[in-house]
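Here's the structure, in structure tokens; my notes come after.
The values are calculated or read from the model by the stated rules, or taken from the named source; none is laboratory data. Here the structure is a predicted model, which is why all the values come from computation and not from measurement. Note that each Cβ is placed from the backbone with ideal geometry, even for glycine, and that neighbours are counted across all protein chains shown.
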Amino acid sequence: MNRKKKMNNILKKKIKKSNLKLQTSNKPKYISKAQRAKLAEEENSQEQE
């Protein structure tokens, strides 16, 4: 019983990991506040030129 349970748990973990890798998110990548400010500054300098 215990061996079966252990093997099943291992297989379930493998399946869960593979499913997580297949899932993709539509959420945009996080950009820090400092990075956003830097990008905005660069954009403004390009517009002025």
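Here is the figure for the stretch 19-41: residues that are assigned to a helix (DSSP H, G or I) and either modelled with pLDDT under 95 or not polar (S, T, N, Q) (or both) total 12. Test Lys13 against the stated conditions and say whether it is surrounded by 10 or more Cβ atoms within 10 Å (Cβ to Cβ) and out of contact with any helix residue (DSSP H, G or I) (no Cβ under 8 Å at 6 or more places or on another chain). Yes; evaluated as a whole, the condition is true for this residue. Taking the stretch 23-41 as the range and being exposed (fewer than 10 other Cβ atoms within 10 Å of the Cβ) and either in contact with a helix residue (DSSP H, G or I) (Cβ under 9 Å, 6 or more places away or on another chain) or of a type in the set (D, E, K, R) (or both) as the test, the residues that pass are Lys27, Lys29, Lys33. Ile15 meets all of the listed conditions (1) among the β-branched types (Val, Ile, Thr); (2) over 14 Å from the mean Cα position of the chain (by Cα); (3) not in a helix (DSSP H, G or I) but one, namely (3).
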